[in-house]
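Novice: Have a look at this one before I ask anything.
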Amino acid sequence: MKKVLYIIIIVQLVFACGETEDFTYDNSVDAGNVKLIKLKADHKMLLPDGKAVMKFYAEAYNILELPNYTPSYDGDNAVYVGGIVRDTSLIPNDLLPHGLFKLVDEFGQEYPDFCFSTEDPEERTVRFHLEVGELISNELGITIRSLPQEDYDTLVIPVVFHVLNPAKQASIVPIKITPELIYKNIERLNNVFNGKITTDPNGGCAKIVFRPAIYNDNGIKMDSPGYHSYEIPSSVTFEKDDDYLEYVFSKQGALMYSFNNYLNIWLINNPQGAASIVRAPTDIDRNAEPIPGLDAQISPKPFPAKATDIGFFINMSYFINPMRQTDYFEISEVMARYLGLLTTQVIEGYGQTNFIDGDTDYCEDTPYYWKDNFSVFKNTSKNDIEEPGTLYFTSYNVMDRYSYKNSISRDQIRRIRMHLERCPSRWMYKSKFAFTGKSEDKR
């Protein structure tokens, strides 16, 4: 009897796993479902250099009329009075038919690719709007800003990566850092700082070249340019990031090349450590003309007081795997902080804020934001709701969280060049020693 039951169950399972009829639900919409359209863009300003691109984004909304019943009380009795409420809902883009929107400017010029770029240097405002049938969106004005007047000389910064390899320990997995990986990151720095891989509407070229050092601090040619591997003895152990900082500082001659001739970057293997350790300059050439937002002194004593005065640290695990954190690691951001840039996000706490006079970083062309929303699409609303004057923008900037991190703006370039000009610890570009090994080329 049990065998018969087993056979019946098996037959039922076989038929149950047979072909089933497929159902397809068509949730697409047409122009008739669209009741409201909105236009947004990457930014409100555009550089007329022919490279910067303003991208536009369309949103379509449906307006639903839903029944609503409001209670009215007569003594202990409740009577519900029927009514209608209107609810506006965003229609997902993948449900919209292709070619639904038409982007046009105030002169009737259509932009099928939803992008605008210009080389006309005239300062003006160009106005755009969307059309869907007879529906017309909000008008969006894009300001064509003036081209920068600065004519910068190209600065070449000699860079050396000190690769600190701890002795084998059970708690630390060895990480292999090759010269090729070093050069890949240097190439990334050059691309970002010189606007080679972005369409940021306000991105610029800093005319700063990062170049691996050819000679070490003693004038001896390096086996691999810019690559200095250092084996840490087994008697030395590290428990926290500060241990690395103190160790490097104790080995100044071996691990701290002269800041007059090099930019030092230390790669450390600390599984529990931060992605990077970096600080802005602490020295300045004259107090009479302070740099906004920089806390620095003339010829501080002693100097350097710590390793981070003349370089920065990067955790190897992030260096080889930038996607280790959700807001991926970007070496250009660390370099930008070292050269004086500040965060673009508003930070408040313990009665303090970095939001001063409507800005966070002293750069007018970098919009601030309160919440990153884990997205490249941001806005300047504190409560993340649409308010008068709210700017919607796309994050390309290296100082934005959850950003494409492939650009620095024109105003940020001006701030970086100010630090390079005014902070002696950032004057390594004035020396050629790292490329010649000749004593007369030292600064």
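Novice: Once ligands and nucleic acids are excluded and a 1.4 Å probe is used, how much of D217 is accessible, expressed in Å² to the nearest 10?
Specialist: Counting only protein heavy atoms, D217 exposes about 40 Å² to solvent.
Novice: Apply the Karplus parameterisation 6.51 cos²θ - 1.76 cosθ + 1.60, with θ equal to phi minus 60°, to every residue of region 281-297 and state each ³J(HN,Hα) to the nearest whole Hz, in sequence, with x for glycine and proline.
Specialist: Each residue of region 281-297 in turn: x, 10, 10, 8, 7, 7, 7, 5, 10, x, 8, x, x, 10, 9, 9, 10 Hz.
Novice: Under a 5 Å amide H to amide H cut-off, with H placed in plane at 1.01 Å, what residues pair with W266 once short-range neighbours are removed?
Specialist: Amide H neighbours of W266, under 5 Å, 5+ apart: H162, F312, F313, I314.
Novice: Sticking with this one: What shape does region 114-205 take by its C-alpha gyration tensor, where a ≥ b ≥ c are the square roots of the eigenvalues and a/c under 1.5 counts as rounded, a/b above b/c as prolate, and the rest as oblate?
Specialist: oblate
Novice: How long is the chain along each principal axis, judged by its Cα atoms, biggest number first, in Å?
Specialist: 89, 85, 54
Novice: For the chain, which whole-number percentage of the solvent-accessible area (1.4 Å probe, protein heavy atoms only) is attributable to carbon and sulfur atoms?
Specialist: That fraction is 51 percent.
Novice: Each residue of region 141-154 in turn: what ³J(HN,Hα) in whole Hz from Karplus with 6.51, -1.76, 1.60 and θ = phi - 60°, glycine and Pro shown as x?
Specialist: x, 10, 7, 8, 7, 6, 5, x, 8, 5, 10, 6, 7, 6
Novice: Per residue, how many Å² of accessible area does region 25-153 show with a 1.4 Å probe?
Specialist: 64 Å²
Novice: Next question, about the same structure. What number comes out for accessible area per residue over region 164-266 if the probe is 1.4 Å? Units Å², please.
Specialist: Values: 5030 Å² over 103 residues.
Per residue, region 164-266 has an accessible area of 49 Å².
Novice: When a/c is below 1.5 the answer is rounded, else prolate if a/b is larger than b/c, else oblate, so apply that to region 294-363 with a ≥ b ≥ c taken from the square roots of the Cα gyration tensor eigenvalues.
Specialist: Since a/c reaches 1.5 but b/c is at least a/b, the shape of region 294-363 is classed as oblate.
Novice: Let me ask you something else. Return the distance in nm (one decimal) between the two label points of a simple spin-label model at Y183 and Y73, each offset 7 Å from Cα along Cα→Cβ.
Specialist: Between Y183 and Y73, the simple spin-label model gives 8.0 nm.
Novice: Pulled fully out, how much extra length does the chain show between D295 and D120, if you take 0.36 nm times their separation in residues and subtract their Cα-Cα distance?
Specialist: Numbers: separation 175, 0.36 × 175 = 63.00 nm, distance 4.01 nm.
Answer, rounded to one decimal: 59.0 nm.
Novice: Let me ask something else about it. With a 10 Å cut-off between alpha carbons and a GNM built on the chain, which of E246, E289, E421 moves the most?
Specialist: E289
Novice: On average, how much accessible surface per residue is there in region 300-443, in Å², for a 1.4 Å probe, leaving out ligands, DNA and RNA? Don't skip to the answer; put the middle values down first.
Specialist: Numbers: 6360 Å² over 144 residues.
Value for region 300-443: 44 Å² per residue.
Novice: While we're looking at this one, here's another question. Taking a threshold of 27 Å on the Cα-Cα distance, which of the pairs K44/K196; K306/K405; K44/K405 fall above it?
Specialist: Numbers: K44/K196 22 Å; K306/K405 29 Å; K44/K405 19 Å.
Pairs exceeding 27 Å: K306/K405.
Novice: How much length, in nm to one decimal, is gained on full extension between K240 and T154, taken as 0.36 nm per residue of separation minus their Cα-Cα distance?
Specialist: Working: separation 86, 0.36 × 86 = 30.96 nm, distance 3.86 nm.
Length gained between K240 and T154: 27.1 nm.
The values are calculated or read from the model by the stated rules, or taken from the named source; none is laboratory data. As the structure is a prediction and not an experimental result, all values here were calculated from the model. Note that each Cβ is placed from the backbone with ideal geometry, even for glycine, and that neighbours are counted across all protein chains shown. All accessible areas refer to the heavy atoms of the entire protein, side chains included, with ligands and DNA or RNA removed. Shrake-Rupley method; radii C 1.70, N 1.55, O 1.52, S 1.80 Å.
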